[in-house]
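Presented below is the structure to which this report refers.
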Amino acid sequence: MTLNLLGLSGALRAASTNTKLLHEAARLFGPCDFTQADLRLPLYDGDLEAEGIPTEVMTLAEQIRDADAVVISTPEYNKMISGVLKNALDWVSRSGVKPWESKPVAILSAAAGRAGGERAQYSLRWAMTPFNAHLLQAPEVLVADSSNAFDDQGRLSDPRTVDGLEKLMSELRRLASE
């Protein structure tokens, strides 16, 4: 059975280190059908919601529901998760699908600072609380000075970070297979 892994990058920039980290996570997860979700969603607006949930929001909610596991990589913007990621979580919560319930979810972060997005991970864990997802607690994968953390092929260059990511993805795979 091929597992379905969904990735959410909280950064939209094409060369984002969080997107690179997401792809490294998928590689280390092992054989799977990997899809990177599109978080280019309209800003949440109750008036827009009253007109009907946008198609792209329903697509995201259904992708989460249908995935065997989800990996989220978040940047740290002003000590928090990005607005893009928070907006996606807010929209999905309004979709009526409830896709996160007991879903195995791994959280990663890459940031320019020396803590590697530690506060963003903390805020993401809080933001995920109402959804009752199965958030993996360890090992924490925090990529500091992220613009210098990847080689020319987009691979992580620090062996300790790779080891932690391999362990996290191995546990995510185990939970997704249950």
key: Residue that is surrounded by the fewest Cβ atoms within 10 Å (Cβ to Cβ), among those in segment 146-160 that are touching a residue at least 12 places away in the same chain (Cβ under 8 Å) and among the polar types (S, T, N, Q)   = SER147
Single residue of PRO42, PRO54, PRO31 found to be open to solvent by less than 30 Å² (accessible area, probe 1.4 Å) and more than 15 Å from LEU6 (Cβ to Cβ) = PRO54
message = Restricting to segment 63-83, and then to whatever is out of contact with any helix residue (DSSP H, G or I) (no Cβ under 9 Å at 6 or more places or on another chain) and open to solvent by less than 70 Å² (accessible area, probe 1.4 Å), can you tell me which residue is nearest to ARG40 (Cα to Cα)?
response = GLY83
key: Odd one out for LYS86, checked against (1) open to solvent by 40 Å² or more (accessible area, probe 1.4 Å); (2) touching a His at 6+ places or on another chain (Cβ under 8 Å); (3) closer than 15 Å to SER9 by Cα   = (2)
task = Specify the residue that is modelled with the highest pLDDT; the eligible residues are those in segment 1-13 that are closer than 18 Å to ALA88 by Cα and open to solvent by 20 Å² or more (accessible area, probe 1.4 Å).
result = LEU12
message = When you check SER157 against the structure, is it small (Gly, Ala, Ser) and under 22 Å from LEU12 (Cα atoms), yes or no?
response = no
query = Just checking, which of TYR44, TYR77 is modelled with pLDDT under 95 and hydroxyl-bearing (Ser, Thr, Tyr)?
reply = TYR77
key: Where ARG125 falls short, out of the listed (1) over 12 Å from the mean Cα position of the chain (by Cα); (2) more than 17 Å from LEU6 (Cα to Cα); (3) surrounded by fewer than 22 Cβ atoms within 10 Å (Cβ to Cβ); (4) not hydrophobic (A, V, I, L, M, F, W, C)   = (1)
key: Residues (crowded, with 18+ Cβ neighbours inside 10 Å and out of contact with any Lys or Arg (no Cβ under 8 Å at 6 or more places or on another chain)) located in segment 132-145   = LEU136, VAL141, LEU142, VAL143
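The values are calculated or read from the model by the stated rules, or taken from the named source; none is laboratory data. Keep in mind it's a predicted model, so treat the numbers as computed, not measured. Methodologically, a virtual Cβ is constructed for each residue, glycine included, from the backbone with ideal geometry; neighbour enumeration extends over all protein chains shown. For the accessible areas, the whole protein counts, side chains as well, though only heavy atoms, and no ligand, DNA or RNA atoms are used. Shrake-Rupley method; radii C 1.70, N 1.55, O 1.52, S 1.80 Å.
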